[in-house]
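Presented below is the structure to which this report refers.
A short reminder: the numbers here are calculations on the coordinates, not readings from a lab. None of the values given here were measured: they were computed from a predicted structure.
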Amino acid sequence: MNITGRIEIKDAAVFTKSGTGKNGREYNIREQHGFIKVGDEVRRISLSLDRDQAAYPAGTYTVNSACAVGRYGDLLVPRSLALTPVARSAKSA
């Protein structure tokens, strides 16, 4: 299912999880948190970032990506999303 929605990034904080896997190799997972709105529903999500990828600046982004609904009704988003910044409209006087 292709879902079009908006993602709100509140700040550019990046969270890193690191450790050693069962195979003995070290790993680092970089994530940034945001909120996705699809229709009337808002969900908190974690966006995976590549090793050298800069954090998304705070703001609103659109996403048009293949997503799925999980077994318990949760929204499953792909690990890599291409986010497009929403242009800010000029305030009228």
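A few comments on the model shown:
- Computed from backbone phi with θ = phi - 60° and the Karplus coefficients 6.51, -1.76 and 1.60, the 3J(HN,Hα) list for region 32-44 is 10, 9, x, 10, 10, 10, 10, x, 9, 9, 10, 10, 7 Hz; x is used for glycine and proline.
- Subtracting the Cα-Cα distance of Val14 and Glu26 from their residue separation scaled by 0.36 nm leaves 2.4 nm.
- Per the Debye calculation on region 1-64 with a single equal scatterer at every Cα and no solvent contribution, log₁₀ I(q)/I(0) for q = 0.16, 0.18, 0.23 Å⁻¹ amounts to -0.61, -0.71, -0.95.
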